[in-house]
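Participant: Following this message is one structure expressed as structure tokens.
Computed from the coordinates by the stated procedures, all read-outs in this text should not be read as laboratory data. For clarity, every value in this text was computed on a predicted model and none was experimentally measured. Every residue, glycine among them, receives a Cβ derived from its backbone with ideal geometry; neighbour counts consider all protein chains shown.
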Amino acid sequence: MARKALVIDDDRNILTTLLIHLESLGFETCSASTGAEGIRLFMEEKPQVVFLDLKLPDQDGLSVLEALAAAEIKSYIVVITAYATIDTAVRAIKMGAFDYLPKPFTPVQVSHMVDMIDKICAMEAEIASLKGIVREGGLITRNHQMHKIVAMARQVADSNASVFLSGESGTGKGLLARLIHDLSPRAVNPFVTVNCAMLQENLLESDLFGHVKGAFTGALRDKIGKLELAAAGTVFLDEVSEMSTTIQAKFLHFLQYREFERLGDPKTIQVDVRMIAATNRDLEEQVAAGLFRKDLYFRLNVVEIHVPSLRERPDDIELLASHFLKHFARLNRKPAMSLDVEALQLLQAYSWPGNVRELVNVIERGTILARYPYIITPIDLPAHIANYLPRQSADADMKTLAEMEKNHINQVLSQSSSIDEAAKVLGIDPATLWRKRKRLQLD
Ligand SMILES: Nc1ncnc2c1ncn2[C@@H]1O[C@H](COP(=O)(O)OP(=O)(O)OP(=O)(O)O)[C@@H](O)[C@H]1O
Ligand SMILES: [Mg+2]
């Protein structure tokens, strides 16, 4: 895949020279001559490298930089500036620019800049792989079991097989469904989510299959269903366990014949869609209880991916926490905060019934309520997490059993009038106490 570079500059000469040079370095390029157009292209093209002139006709280059830096797009932004404005260049770097190029610059300087970016990129990738960190789409993890899941997602993405995602609420099933679609050849086509927990049965039915005007009371005009909207793409059936038995039957028919009818219209429609279904319930249990059709379950569950709960992968807690700290810093355009040691220990000890979603909320709350600048401490955590474990003093944490024994014997001895009395309190015979006293060098 070719790397993309975006150049935002209103100076025709600079723009052309830079584009030609970047193309000779193997970049696919795009360009804009205003800030607004630049921001739009950035969001659309997600370039790895951006050259941004700080003087633009429509807005201040720094405000453009602010917008680019706030987006969740990993990109190296190089600002272009005249000699006279080094101050601004320094400010730009503080705001997240990678480096600056003073005007006028030569092609060699541009090559050097690109080289440097390549080296940093390679280094970051190496550090991440040393730490076992995998990033794929919006998903980040360093857990071994999750690595396997990402590998499996890559593998199934190529096929058309129906995928069934199981796992507790908030573990990242929605994210994984999206990832499978994005990695698949269908990525250029739509990804459409259908929430099967939709309250009214006929609403879900028309949401899926569509309807024609007058099909039921309230059907005021024709409506295209999500199966059709997703043509050549992916349908994500979220909370599939909540599908009513009537819709289950209709849906099974669709999976068998890949055709359906809009409500109120006898004409059959054929579509090619890939199915991904998810549930946080035990669907096998629902099948056993007669609440979910077995044949439908088997059709949906060609490949099952079970996403482990956060408490089963505590090694992800620190990584995810710092990932979300950066995320909220970017969102609020503030410097990233960090967790102090004790706050991190509390997060690691907690059971996370709401999984990653709960962690996101706790981190967001922490960044808002933090009592100190830049650091989140236990008082910034919700009480049920801060009090999750009886907090031991740092002192007691560090002691070995031998040290505790020594302290205890010492204390009892100092409160007793004789060895015999102390031995009685300790529940050992006086000779043993003598020996221990000598060995532990107590007087
Ligand atoms: N490994 C991860 N890396 C980054 N973000 C994650 C990860 N896992 C989950 N998230 C985030 O946590 C939140 C919850 O994830 P998601 O909605 O995918 O969970 P879910 O399993 O679909 O939950 P539910 O069953 O309640 O629908 C989302 O904001 C998602 O982006
Ligand atoms: Mg979900």
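Participant: Per q in 0.17, 0.27 1/Å, what log10 I(q)/I(0) does a Debye calculation on the alpha-carbon atoms of region 231-271 return?
Facilitator: -0.53, -1.13
Participant: Still on this structure, please answer the following. Please go through region 111-150 and write out the trypsin sites (Lys or Arg not before Pro) that DSSP classes as loop and that have at most 12 other C-beta atoms within 10 Å.
Facilitator: Working: sites: Lys119, Lys131, Arg135, Arg142, Lys148; in loops: Lys131, Arg142.
Here the sparse-neighbourhood loop sites are Lys131.
Participant: What Kirkwood radius, in Å to one decimal, follows from the Cα pairs of region 396-439?
Facilitator: 10.7
Participant: Here's something else I'd like to know. How would you rank Leu296, Leu319, Leu179, Leu369, going from fewest to most other Cβ atoms within 10 Å of each one's own Cβ? Intermediate values should be presented prior to the final figure.
Facilitator: Numbers: Leu296 23, Leu319 17, Leu179 20, Leu369 12.
The most exposed by this proxy come first: Leu369, Leu319, Leu179, Leu296.
Participant: So what's the back-of-envelope 222 nm ellipticity for the chain, counting only DSSP H runs of four-plus at -39500 (n - 2.57) apiece and dividing by all residues, rounded to 500? Display every interim value, and only then the final one.
Facilitator: Values: 20 runs with 214 residues, N = 443.
Dividing the helical sum by the residues of the chain leaves -14500 deg cm²/dmol.
Participant: Right, here's the next one. If every alpha-carbon in region 139-306 counts as one equal scatterer, what log10 I(q)/I(0) does Debye give at q = 0.18 1/Å?
Facilitator: Debye curve over Cα of region 139-306, log10 I(q)/I(0) at q = 0.18 Å⁻¹: -1.15.
Participant: In 10 Å bins starting at zero, report the fraction of Cα pairs in the chain per bin as a rounded %.
Facilitator: 4, 15, 18, 19, 18, 12, 6, 4, 3, 1, 0
Participant: When the distances between all Cα atoms of region 261-402 are binned every 5 Å from zero, what whole-number percent does each bin get?
Facilitator: So the P(r) values, bin by bin, are 2, 8, 14, 13, 11, 10, 9, 8, 8, 7, 5, 3, 1, 1, 0, 0, 0.
Participant: So for region 312-386, considering every pair of alpha-carbon atoms, how many percent are separated by more than 19 Å? Don't skip to the end; give the middle numbers.
Facilitator: Numbers: 657 of 2775 pairs.
Distances greater than 19 Å cover 24 percent of the Cα pairs.
Participant: Using only Cα atoms, locate the centre of region 400-443 and the centre of region 155-172, then give the distance between them in Å, rounded to an integer.
Facilitator: A separation of 61 Å, based on Cα centres.
Participant: Just to confirm the filter: which trypsin sites (Lys or Arg not before Pro) across region 209-286 are DSSP coil and have at most 14 other Cβ within 10 angstrom of their Cβ? Before the final figure, lay out each step's value.
Facilitator: On the way: sites: Lys213, Arg221, Lys223, Lys226, Lys250, Arg258, Arg262, Lys267, Arg274, Arg281; in loops: Lys213, Arg221, Arg258, Arg262, Lys267, Arg281.
Of the trypsin sites (Lys or Arg not before Pro), the ones in loops of region 209-286 whose Cβ has at most 14 other Cβ atoms within 10 Å are Lys213, Arg221, Arg258, Lys267.
Participant: Mind giving me the nanometre distance, one decimal, between the label points for Leu25 and Met404, set 7 Å out from Cα along Cα→Cβ?
Facilitator: Taking the two extended label points, one gets 6.0 nm.
Participant: Please rank Trp352, Trp434, fewest neighbouring Cβ atoms within 10 Å first, as an exposure proxy.
Facilitator: Working: Trp352 22, Trp434 12.
So the residues, fewest neighbours to most, are Trp434, Trp352.
Participant: Also, quick follow-up: What number results when the radius of gyration of region 63-212, computed over Cα atoms, is divided by 2.2 N^0.38 Å? Walk me through the numbers before you get to the answer.
Facilitator: Numbers: Rg = 22.3 Å, N = 150, 2.2 N^0.38 = 14.8 Å.
Rounded to two decimals, the normalised Rg is 1.51.
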